[in-house]
Structures are given as C-alpha cells and as structure tokens.
Amino acid sequence: MSTVFIPPALRRLTGGAERVVVSGATVGDLLDAVDRLHPGVRDALVRDDELAPHVAVSVDDVVAPAGLAEEVTESSEVHFVPPLGGG
Amino acid sequence: MSTNPMEEAPREYRVIGTRPIRHDGIDKVTGRAVYGADVSLPGLLHGSVVRSPHAHARILSIDTSRAAALPGVKAIVTSADLPEVRDREEALGEGSTNPRHLSHNILAHDKVLYHGHAVAAVAATSPHVAAEAAGLIQVEYEVLPPVLDVRAAMADDAPILHADLRTAGGDPKKAGTPSNVAMITEFEIGDVEAGFAAADEIIERTFDTAMVHQGYIEPHNAVAKVDPDGQATVWCSTQGAFDVRHLCAEVLGLPLSKLRVYPAEIGGGFGGKTTIYLEPLAILLARASGHPVKLVMSRSDVLRATGPTSGSHIRVKMGVTRDGTLTAVDASLAYEAGAYPGSPVRMGAMCMASPFAIENQRMVAYDVCVNRPKTAAYRAPGATNAAFACETIVDELARKIGMDPLELRRKNAAHEGTPMVHGPKHRRIGCAELLEAAQRSDHASAPLGNADGPRKRGRGFATGYWFNAGLQSSATISINPDGTASLVTGSPDIGGTRTSCAMMAAEELGLPVELVRPSVADTDSIGLTDVTGGSRVTLATGLAVHDAAQDVKRQLCERAARTWKCAIEEVRFDDGGVDSLVQDGERLSLAELAKGAGRTGGPIVGRATVNAQRNVGSAFGGMMVDVEVDTETGRVDVTRCTVFQDVGKAIHPAYVEGQMQGGAVQGIGWALNEEYVYDDEGHLENDGFLDYRMPVALDLPMIEPVIIEVANPAHPYGVRGVGEVSIVAPPAAIANAIADATGARVESLPMSPPRVLAALHTRP
Amino acid sequence: MHELQYSSPTSVDEALEMLGESSRDPRVLAGGTDLLIQLRSGARHARLLVDVKRIPEMNVLHADARTGLRLGGAVPCALVGEHPAARELYPGLVEAAELIGSTQIQNRATVAGNLCNGSPAADTTPALLALDATCTIAGPSRRREIAASELVTAPGRTVLAANDLLVEIRVAAPARGSADAYQRLIPRSEMDIAVVGVGASVTVDADGTCTAARIALGAVGPRAFLAEDAAASLVGTKVDEAALVEAGRLASEAAQPISDKRGTAEYRREVAGVLTRRVVAEAARRGRERI
Amino acid sequence: MSKPQKLHLSTRLNGEDVEFLCEARQSLLEVLRDELGHTGTKEGCATGDCGACSVILDDRVVCSCLVLAAEVEGREITTVEGLADGDHLHPLQRKFLEHAALQCGVCTPGFLVAARALLDRNPDPTEREVRYHLAGNLCRCTGYDKIIRAVLDAAAEMRST
C-alpha cells in the first residue's frame, strides 16, 4: 500500500485526513483510488487526464517526470507539490 | 537505491576538478564573440518599441499614421497583429504559463498594466528613425488608479488588474469575485500549535523586501528574418532557445517547425532570459516588412519592462526551546507577481525553513498581481526573500537563548530524511557538513577588531537552500577522423558550461580537454534542451554528455571488435582506447578507430537525451560576513566575506567559485542598495544603472569561496548544480551582521543607509 | 536622438557666434557626460552642438600659491586631480572632482559642466562655493565675472543666457591657515549621486582659532547653497567637538531637502549635519597644517 | 525630410587609419559597432554607468556611448580588438582567461580596456586602486574577485618583464 499525502487545501475533501493509504501501480491509479474514497481530489489535481500545469508529483522524494504514469512501489510516498523552476 | 557516497572510494579523475581555460575564452577577450546585438544581416532594419507612460490604463486608441508616414519606416505592429491565444495555464517553458498573459505582456491589448508595458513596435532603416517613429505613434489612454504594493493589492477595495482573475486555492465563497490574488497555497507538516506550545522563546516579525532586477549587463535583443514561405529564424540572447521557440510558437500561433532559434552568446541572464519579450515582435516586423529586423532594449526598457523578481511582505513566527531545538515555524508570504500571475512565492515557502529540521511547519503563500512588470526567474527564485526573514529570526532566537547562532543552526540542521514543509524529505544533502565547515573556517575564528569613532563592526552568518532542477537535455559527440571530438549541446553557456561539459566528455573518452570542441546549437541542430536555469546544465546536460560519451565508447568497442573480428565482450574501453581482453597488448586508440571509422561502419557519433528529474541534488549555501556600520549615516560596508556551498562535485572549481562569488555579490546588492523605486502613480523612478545601484568593484572585498563536496548520489560525478543558491543567504547574513554590530534589526530590504539609520534610532 | 549638427570652434569668439544662432537651438558641448544623456532622453533639446574642447583658452589649467587657480571651462575633472599644485592647494575641490562618476566619466566631465548642468547634487559645486570661486562668463558683447554661488538659480537652470559661455573658473590662493574639504554620502562607494554633499573651507590662526569659514551644502535644496549661520558659528571657536556639533546642527537646520528616490528629507537633514561636522573637522585639520 | 548632415571623419583605430561618414547624433559607440564593424565594444546602458563601452581615446579611457563620433577627428582610438598583438594576447587578456575572470563575457571588453588604461598610468596599483579605477565597469557575473586578481597578476607580470 502506498501513502498519498493530501495537500492542505484539499483536506476539506478528505475530512481533514492528511494522508490516504491506497494501492495501485502508478500515481494515476493511486489518485483514482483516493478519489473513490474522497471524490473531488482528482479533479483538483488533474486536467485533461494529465496533472494540471500548476501541479507536480513527488514519488519517494523525487519529482516524478512521468506524472500520473509514474510507477510506484508497495511502500511509495506520494506528494503533490508545486512544479519547480529556477533562474 | 542510493548508496552513501562517503563509503565509496572517490573516483580518480584526470580532467574533472582541473581548471582548463574556457573554449570560448579567446573570442571573449578579443571582442570576437558574437552576442545577439552583434548579429547583422543584409538589409537589416532596426526596431523600436512604444511603451506605456502609465502604470495602469485602458488603451482607447492607437494612431500609427504619422509614424507610418515618416520616411524610412517599414513596418508597425500592435496587439491587433497578434492572434488570440488560449486563456489557461499551460506547461510552457520552465514552469506553467498562461499563453494569453504572455501574449498580452508582449504587446498590451486592452489595458496597460505597468509603466513601460509595450504597446506597439516599429521597424525602420536606422535606430534613430525607428525611435523617432515610435515617438510619433499616438496612444490615447484612460488612466486608471494603480496598485503597487502587495498589501494594498490584497485589500478588498483594491483596484483590480484583471477583471477575469479569480483566486485559485482561495475561499470558495469568493470564487466569483475578481481579485489581484492569483493563488493561495498552503503547506503544513506536523502540529504547529503543539510546536509553539513546546517552545520557550517565540519570535514573530514581519519583513518587507523590494523588487530587484537580475541586472545582466547585456540588454535583451532579438534579430529575426522571415522567409517568403513563412519560415522564421531568430537570433537572440536567451537562456533557452527551445523555450523561445515554444513560447513564440504559442504566441504567434505557429507550428514549432516554422521557427528556428539560434542562441547567440548571452551576456548574463540569472533567470531573466528564460522568457520572451522582443522575439515575437522581431518576427512580426520582419514578416510585415520583408526585411530582417533587429530589436535591442535600452537599459530603461530592461528595468521597466522585463521581469525582475518579486518584492514581498513576509510574516514569520518561530519557536525554540531553551536548549536550542527549533520547535515550530509559521509563516505567510505574499509576493508581487507583477502584472500577470506567477511569482515564485510557493518556492519561497518551500525553501524558507528547508535548512532546518523543524517538525512543525505551516506556510501560506499568496501570489499577488500589482502594476509592476511581470516578474521572471532570478537565481533561486523566491528563496532569498524567504531566507531573509527566517534566517534573521533564527539568529535572533539563538541570541535570545544565549547560543551561538551557528551552533543553533548545526544542532537543527536538516539531513537526509528530514521532511520539508511541502512534504517530500531531503535526500542526501550537505547542510550539516556546510555548517561544520563554517564553524571550522579561519573567518569564524578571526577577531573582528574595533573600528574608529562612530563605526561599529559586526559579523553575521546565514544559510540558504535551493532545490536545483533536472529537466531535459540532449548532447551529441562526433568523433572526428583525426581523433578529436565535437561536442554539441543545446544549453546556452553563461558561466562556462561549454567547458564543464567538454571536461566531462574528455574525462570519459580519455582525451585532452583541448581536443574536445564544444558548441551550443540552434533548435534545428540538437535535441530539445530546456533552459540554462535551475542550476541544471552541469547536472543535466552534463549527464547527457556523460551518457553520449558512453554511447561513443560502446561504438568504439564495436569498431574494435569488428576490426579484431572478436566478440564485443572481448574488448574494453580504457583511457582513450580499446584493449583486447583476449589478445594481450592489442590496443586501438580512439584516434586509430576514428581514422578507420569509414571502413568499420561509418562515422562515430554518440548521442544521449535525458530527463534528469531523478538526478537532482539539492544545494545549500552559506555566507559569513563582516560589516562596518557608520552609525551616524547608516552606511554599511562589507569588509570580509566568506561563502560556503555544498556543490556535490566541482567539475571546474574556478567556475564553481565564480558562481559562488557572483551570486554572493548579487545577494549583497539585494541586501544593501538595490530596489525598484516607484512614485505614487507607478512610474519607475530609477530606470538606469545610476540609481538602480548594483555593487561596483570598490564596494566589495575579495569573496572567499569554500567548496564543500558532498556527492549527489544520483549523478555519475556527484554533481548538484551550483548556479543559484549562492544568492540566498547574503541579505540575512548581512542583517545578522548589522544586528551584531549595532543591536539594530533591519526588517526591510534593501538595508540602505536611511533604513539602517532609522533602525538605529528605534533600536531598543 | 533627434537630428543634430556639430561644430568645434577654436576660439571663444567663434563659439559665441555659433551660440548666437538661436534659430539653430545651439548648446555648449564640453564633456558631454550629462548633455548627451539628456539629449537622448529628451530632457534637453538642441539642434547644434558647439564643442568647446578645441578652444585653447578653455583648456587652461594653472594653479600656484600666489595667483590661485585658473580652471578652463573644458578641462576634464581627471586633469584637475592629476595637477600637483591643484591637489596641494585645493584638496577639497580635487576630492569633489574625483568623486564625479567613474574614471571614464572623470576623463570627460568638466568642473564647469558640472556647475552649469545645475544639478542640486553636483559634487564640485559645494566645493566651489566653499572656495568662493568666481566664473568668467563671455557673452556676445563683453565678459563678466560672477560668483559661483550665483550661477545656478534652480535645478537645471543658471543665469547664463543661451549665448553665454563659461570660459574659466577662478579661485583665489588659499590664505595662511586656510584649507578646504569635501565629502558626500552615497549608498555605494563610487558611481553614485550625492544624497548629501558638503564642502567647507576653514581658516585657522596660529593658536587654532577659526577666523573664517564657508560651508556649502549640496543635494539638500533646489541648488547648492552656503550655510552661513553654520559657518559663522565656527568663527572664534577652536573648531572643537562642541563647535562641530553646533555647526552640524545649524547646517541641518539650514538644509531644505526633499524626499526622492535617493533619500528621504528627514535622512538628508540629519546627514547634512553629520557630514558638516566631518568636513569642517577635516578642513580645519588641513588648515592647521598650513600655519 | 532633408537628408541628415553627414560628417566625414578620419581617425586612427587600433593603429590603422580609418575614414568614415557619420551623422552628428551618432555616438562613437554606434559608429564603432554599426559603421566600422567593431562589435567587440558593447552597449550596456548608454548612460555612462556600466563601462561596457569603454575605449581608450588618445590615452584616456572613456565611455564611447558618451562621445560623439564627430568629436574623434584626428584622434586615436583603442578598442578591445586592438589589445592583442596579432595572435599574441595582451597579458591582461591572458590573465583574465587564466583566472576565469569572465563568465558571460559581455563586460569583459570594457574591463580589459579600462584595466589597460589603468596599468598604462599606474603599473603597480594596489587592490584598492584597481577597485577604484574599475568602479565604472559593472560586472554582474563574477562579483569582481577574479577580475581584480587577474588585473593585479597581469600588472605583476608586466612589471617583471
């Protein structure tokens, strides 16, 4: 089972839960699973079946280049974070 | 997973870690290097841009007839010549961009949103004629009240920049109300209230920082030509030719294949040349006139109308126990986005407390539109503002509990596994190692001494954190028949990366670095490569070079095996040649294999492309600084400065030092004197280098660099990337030094003489 | 920049003739370090530039302890700083001349141009006022002398008519026990415009008593001006700490600063006093060495 | 519209006699870059505040953005292109390379020219004198450290040979 951390702004959709433990093979699977438990989370993060432009996903502390398609392991920790840019 | 690099024997390098002379050096010291403004083409016209004299106004009409009648004028464009584009965030360029905002920033449509906002552009036979014509274009405005300050912009009755802008992440009840706040983002870990309850000392303060500019010496420029079939070619000063191509295509509604962008030599960027301003105008004017067109900004244009970084208003509250454990941080950060959304406030929040292991953290970030130019990236965007606030409070907390501030930092240093406010945990980082190096440094133990009369001396220290970026890069290495190599990447070279990349190729291929010829290619001549930004070139393009060299080595092995008619497993590349593992002493040098390549299968060309997101290694920097404060005038002199940085691995130590020193001095300028000064109507009053006060040589001591190398386990050489973090610590370090000297805490940047004197008058 | 014509007369009379062609909107070009920027930005207009640098009379630079200083209108600041006798006799004026811009600017900018540009923050102007310098003005019919303190009337404005030419600046030889000094406050250490500038000339007698003083303030009013009460307060004192503090207080009082991008009025007023103390102390120290 | 007045000027540029036509409103910088093809001299501000356009006029360093081309009749101009002796780099050029005293390189021509003017007058400057004389040249990349070291090292080498 992987742990999906819920951004503070979306915790109103999870009844205040900061993390949701679900299983799946990819970030997209996990998000679908979270959304089944707490409808609305997916819509807040996804647009046109991809992560929204202002959202990135970190899997096990690495910003995942594949987005929703990123593969996860049994014990992955997933955070939705702002995308990073630099100077 | 990652291994602990400290346990591995360090690899012996032949080229990496040396200091060869840069490949572009001779061109740059003899004046031969070709920068964007040096590009000339037959029939070239010169352009000029008409800019708004108002900070906020509705455009009622634009009359170009008098300008068009001026002899020598060949084309005029206004926003009517730009297609309508999508009004929603897209993954564009480095981060996300709203193409409509981008388009409107290039030429104002219905409204101008800042002093200097481009309204029209003209091309003529000489720069003087173009400027005269620009002066003849008559724009009628309905002037609107401007809003210049984040706090004013967040007020309920503030003038609204964008009638259609709604706050993302805001109160759902206000979802229908126009606002200048583009986005509110919350971050939280742990239990902040419990953290403060456990604290013995708590300090809460608010800080303000001024909008500042990257200050590259070369103004923006663009030369464009458009062929009769619509194929456009652009030469410009950019940190990312592929981003210019993508952004221009988006704004002009063109397929990428219709655009070819040549990155000219670039005279500094620091993040400010990661977007577009002149390029689409040059293309439109070239298309309309049938001639190539050159546009070059004046310094005033650069300051008024390109992207500085955000001024900010930050509140921070932190708690510490008597024995020196930081228990909680609670902060709100409001950053000026400028005229269109997109400040680096979220990154500021994420960096703010990242040098520390603090269990309980909460940050709220506000991205706020104001009638100032649209901000762009500037070296570790967002982090410096945040560090100024947090790092001065940490210093003050240490003094409050009677602990050496450096020791408090070391005791609370972030390490591998420490979670950050946005959730993810630090990977292998060198924060503690950096603090220990600072404690051990000569500077830390050197006596401060006393100054004369009203002058007081003090010493300060601060740290800074920056993520660094990975992103995409491409590289090709062609082995020439004479045994030399041509290395092509798509990363515009600002700080010497051509040579660092050549060094990595030389290291792998066993060649002297002088025999690797690096060049930076245009968008048709190399695979997609993201911007020179995010401290990513040596990391990510370096990784592509490393991988391309492996490709070359594999091909060389194949050719050797083919020559010897043996299996590829029976040969091995080693130190510039291929050895046979079965025939003792049989060896073909790279040069021999190159010369015979035609007979063994054709030219040898290695290539690699990467998305280096997984390879990123984060950066820590620190500054220790001595100042002398003239307590009667408030003038602050920096008298000694040492900069510390965990660089992972220094490929070319002199260039690494250069990044550390240059960033430090930009940070010193930010700390002491740089600021955008607007009058009440929103006119920028200091749109030149006389009054936008960047440090000059006489303002500074030598900047002593201390390189710390805690290898990034996710990179073949341990590289982290060095470009950005050096700017983060200086303002806080200097504020701490001023407090050490005088007891006064300055809570606003810049800490200019009037501000310092005022703080001295009000000190407790 | 709008279209221009350029001329480089070789005599004052020839220059005056050109400056008299009002239909051509003429303007004097000396160092050009202010003028060219102003023409480009549209802050000033001209259609004919009269380059005075090829006029021998305007390149005179002479200083000695008997006759004082003659400083031609086209002499760049760098030459003033390199002139041994000028350095020796007028250290304050040299300090001011060497503070104007960079080496590059000092090689072009002239003291006369600094004065005629009429900036309230001009560095050499308070220095010239402190020395009671006079200006030789050539006009269409005659030459006249006016005090440097009367040349500038308001920001960017002078008493000069369009066809007047500042040919030369003269300063008397310093009296025994008399010396000058100039300091300014800028946020950077170079390449900046004075937030406050103070020039002073102080004369002391053999037992260290001040017998005469002139203090001029820059950047704290619409033009540089003499702080007469502050200067008068020094006369008869030993220029000790109490006298310095009083002179500083009176200088602050005399200041009429505005708040702008370079500093607030409040700050300028306070620092005018601080710098007055420092500059007077330095001028008095130098004066004592000349007894 | 009347044709702008064109001036005919003769000067010495990097040791070569050159003649050119220009308008009175053109700066020396514009003429060097646009008319004479000497693009080594850079424009950073056009107000004399950055030093990128430094050239040596007769024996003095000036900002070529604040000199009218019309003023250079009969005078001698040295630009960055004139520092090296053929393929033989000037010691300052060599020391800038050896010390990594340049990053983006756009301020480098101005620094080299200004430093050459300094060393011509003062072959043994102190660090402070170098910093003072180069205060009119802005560099945003290096923090000046390596530039100052390169100039001091070049001066030392030039004194010893």
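The values are calculated or read from the model by the stated rules, or taken from the named source; none is laboratory data. Here the structure is a predicted model, which means the values were calculated and not measured. Neighbour counts run over all protein chains shown; Cβ positions are idealised from the backbone, glycine included.
From the list B:Arg58, B:Arg32, which residue is part of a strand (DSSP E or B), among the basic types (Lys, Arg) and touching an Asp or Glu at 6+ places or on another chain (Cβ under 9 Å)?
Only one candidate qualifies: B:Arg58.
Residues being touching a Leu at 6+ places or on another chain (Cβ under 9 Å), of a type in the set (Ser, Thr, Tyr) and in a strand (DSSP E or B): count how many of those fall in the stretch B:559-605.
Of the residues in that region, 1 qualify.
Could you please tell me which pairs satisfy a Cβ distance under 6 Å, a separation of 6+ or placement on different chains, a first residue in the stretch C:145-170 that is under 16 Å from C:Ala74 (Cα atoms), and a second residue that is part of a loop (DSSP other than H, G, I, E, B)?
That search, which allows pairs on different chains as well, returns C:Asp164/C:Gly139; C:Leu166/C:Gly73; C:Val167/C:Gly73; C:Ile169/C:Ala133.
Could you identify the single residue in B:Gly430, B:Gly453, B:Gly417 that is within 28 Å of the chain's Cα centre (by Cα) and surrounded by fewer than 16 Cβ atoms within 10 Å (Cβ to Cβ)?
Only one candidate qualifies: B:Gly417.
Can you confirm whether the stretch B:126-133 contains a residue that is touching a helix residue (DSSP H, G or I) at 6+ places or on another chain (Cβ under 9 Å), outside any helix (DSSP H, G or I), more than 17 Å from B:Asn371 (Cα to Cα) and within 14 Å of another protein chain (Cβ to nearest Cβ)?
There is at least one residue in the stretch B:126-133 that is touching a helix residue (DSSP H, G or I) at 6+ places or on another chain (Cβ under 9 Å), outside any helix (DSSP H, G or I), more than 17 Å from B:Asn371 (Cα to Cα) and within 14 Å of another protein chain (Cβ to nearest Cβ).
Would you point out which residue out of B:Asp243, B:Asp229, B:Asp208 is surrounded by fewer than 23 Cβ atoms within 10 Å (Cβ to Cβ) and in contact (Cβ under 8 Å) with a residue 12 or more places away in the chain?
B:Asp208
Filter the stretch C:18-60 down to the residues that are assigned to a helix (DSSP H, G or I), in contact (Cβ under 8 Å) with a residue 60 or more places away in the chain and of a type in the set (A, V, I, L, M, F, W, C) and list them by number.
Hits for the stretch C:18-60 are C:Leu19, C:Leu35, C:Met58.
Which of the residues that make up the stretch A:40-53 are part of a loop (DSSP other than H, G, I, E, B), touching a helix residue (DSSP H, G or I) at 6+ places or on another chain (Cβ under 9 Å) and within 9 Å of chain B (Cβ to nearest Cβ)?
A:Ala52
Mind telling me which of the residues C:Leu89, C:Leu160, C:Leu165 ends up being closer than 25 Å to D:Asp58 by Cβ, over 12 Å from the mean Cα position of the chain (by Cα), modelled with pLDDT of 95 or more and not β-branched (Val, Ile, Thr)?
Only one candidate passes the filter, namely C:Leu165.
Looking for something more than 24 Å from C:Asp207 (Cβ to Cβ), at pLDDT below 95 and not hydroxyl-bearing (Ser, Thr, Tyr) - is there at least one such residue anywhere in the stretch C:221-244?
Looking for residues that are more than 24 Å from C:Asp207 (Cβ to Cβ), at pLDDT below 95 and not hydroxyl-bearing (Ser, Thr, Tyr), one finds none in the stretch C:221-244, hence no.
Checking the conditions here, which among D:Cys22, D:Cys65, D:Cys45 is buried (at least 23 other Cβ atoms within 10 Å of the Cβ), assigned to a helix (DSSP H, G or I) and either facing chain B (nearest Cβ under 10 Å) or in contact with an Asp or Glu (Cβ under 8 Å, 6 or more places away or on another chain) (or both)?
Working: D:Cys22 fails: assigned to a helix (DSSP H, G or I); D:Cys45 fails: assigned to a helix (DSSP H, G or I).
So the residue among D:Cys22, D:Cys65, D:Cys45 that is buried (at least 23 other Cβ atoms within 10 Å of the Cβ), assigned to a helix (DSSP H, G or I) and either facing chain B (nearest Cβ under 10 Å) or in contact with an Asp or Glu (Cβ under 8 Å, 6 or more places away or on another chain) (or both) is D:Cys65.
Restrict the check to the stretch A:50-59 and report whether at least one residue is more than 19 Å from B:Met350 (Cα to Cα) and over 13 Å from the mean Cα position of the chain (by Cα). Spell out the reasoning first.
Step one: of the stretch A:50-59, the residues more than 19 Å from B:Met350 (Cα to Cα) are A:50-52.
Next, only the ones that are over 13 Å from the mean Cα position of the chain (by Cα) stay: none.
No: the stretch A:50-59 contains no residue that is more than 19 Å from B:Met350 (Cα to Cα) and over 13 Å from the mean Cα position of the chain (by Cα).
Restricting attention to the stretch A:1-39, which residues are in a loop (DSSP other than H, G, I, E, B) and either touching a Lys or Arg at 6+ places or on another chain (Cβ under 6 Å) or closer than 14 Å to A:Val72 by Cα (or both)? Reasoning before the result, please.
So in the stretch A:1-39, the residues in a loop (DSSP other than H, G, I, E, B) come out as A:1, A:6-7, A:11-18, A:23-25, A:38-39.
Residues satisfying the conditions are A:Met1, A:Ser23, A:Gly24, A:Ala25.
Any idea which of D:Val113, D:Val106 is within 14 Å of chain C (Cβ to nearest Cβ), surrounded by 24 or more Cβ atoms within 10 Å (Cβ to Cβ) and either over 12 Å from the mean Cα position of the chain (by Cα) or among the β-branched types (Val, Ile, Thr) (or both)? Break it down into steps so the answer makes sense when it comes.
Values: D:Val106 fails: within 14 Å of chain C (Cβ to nearest Cβ).
Checking each option against the conditions leaves just D:Val113.
If a residue counts only when it is of a type in the set (A, V, I, L, M, F, W, C) and within 14 Å of chain B (Cβ to nearest Cβ), which helices (runs of 4 or more DSSP H) contained entirely in the stretch C:200-291 have at least 2 such residues?
Filter on the stretch C:200-291 gives C:241-254, C:265-288.
Are any residues in the stretch B:701-725 more than 9 Å from chain D (Cβ to nearest Cβ), outside any loop (DSSP other than H, G, I, E, B) and farther than 26 Å from B:Pro308 by Cα, and if so, which ones? Give the derivation first.
Narrowing the stretch B:701-725 to residues more than 9 Å from chain D (Cβ to nearest Cβ): B:706-725.
The next check asks that each one be outside any loop (DSSP other than H, G, I, E, B); those that pass are B:706-708, B:725.
Within the stretch B:701-725, B:Val706, B:Ile707, B:Ile708 qualify.
Within the stretch B:676-695, take every residue that is within 14 Å of chain D (Cβ to nearest Cβ) and within 22 Å of the chain's Cα centre (by Cα) and give me the one that is nearest to B:Ala444 (Cα to Cα).
If we take residues in the stretch B:676-695 being within 14 Å of chain D (Cβ to nearest Cβ) and within 22 Å of the chain's Cα centre (by Cα), then B:Pro695 is nearest to B:Ala444 (Cα to Cα).
Evaluate the following for B:Leu698: is it within 14 Å of chain D (Cβ to nearest Cβ), part of a loop (DSSP other than H, G, I, E, B) and either touching an Asp or Glu at 6+ places or on another chain (Cβ under 7 Å) or closer than 27 Å to B:Arg399 by Cβ (or both)?
Answer is no for this residue.
Could you list, in sequence order, the residues of the stretch C:1-17 that are outside any loop (DSSP other than H, G, I, E, B) and surrounded by fewer than 22 Cβ atoms within 10 Å (Cβ to Cβ)?
Across the stretch C:1-17, the qualifying residues are C:Gln5, C:Tyr6, C:Ser7, C:Val12, C:Asp13, C:Glu14, C:Leu16, C:Glu17.
Residue by residue, here is whether (1) within 14 Å of chain D (Cβ to nearest Cβ); (2) part of a helix (DSSP H, G or I); (3) under 10 Å from the mean Cα position of the chain (by Cα); (4) acidic (Asp, Glu) holds:
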residue	(1), (2), (3), (4)
C:His62	no, no, no, no
C:Arg70	no, no, no, no
C:Ile100	yes, no, no, no
C:Leu128	no, yes, yes, no
C:Ile146	no, no, no, no
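Using the structure shown, decide if C:Asp64 is surrounded by 19 or more Cβ atoms within 10 Å (Cβ to Cβ), touching a residue at least 24 places away in the same chain (Cβ under 8 Å) and not aliphatic (A, V, I, L, M). Walk me through it before giving the result.
Numbers: surrounded by 19 or more Cβ atoms within 10 Å (Cβ to Cβ): no; touching a residue at least 24 places away in the same chain (Cβ under 8 Å): yes; not aliphatic (A, V, I, L, M): yes.
Here the answer is no, as C:Asp64 does not meet what is asked.
Restricting attention to the stretch C:251-291, and to residues there that are surrounded by fewer than 21 Cβ atoms within 10 Å (Cβ to Cβ) and among the aliphatic types (A, V, I, L, M), which single residue is farthest from the chain's Cα centre (by Cα)?
It comes out as C:Ile291.
Please work out which one of (1) out of contact with any strand residue (DSSP E or B) (no Cβ under 9 Å at 6 or more places or on another chain); (2) at pLDDT 95 or above; (3) buried (at least 18 other Cβ atoms within 10 Å of the Cβ) is the condition C:Ser201 fails and give its number.
(1)
Report the residue count in the stretch C:19-49 for those that are more than 26 Å from C:Ala121 (Cβ to Cβ) and not charged (D, E, K, R).
Residues that pass the stated criteria total 6.
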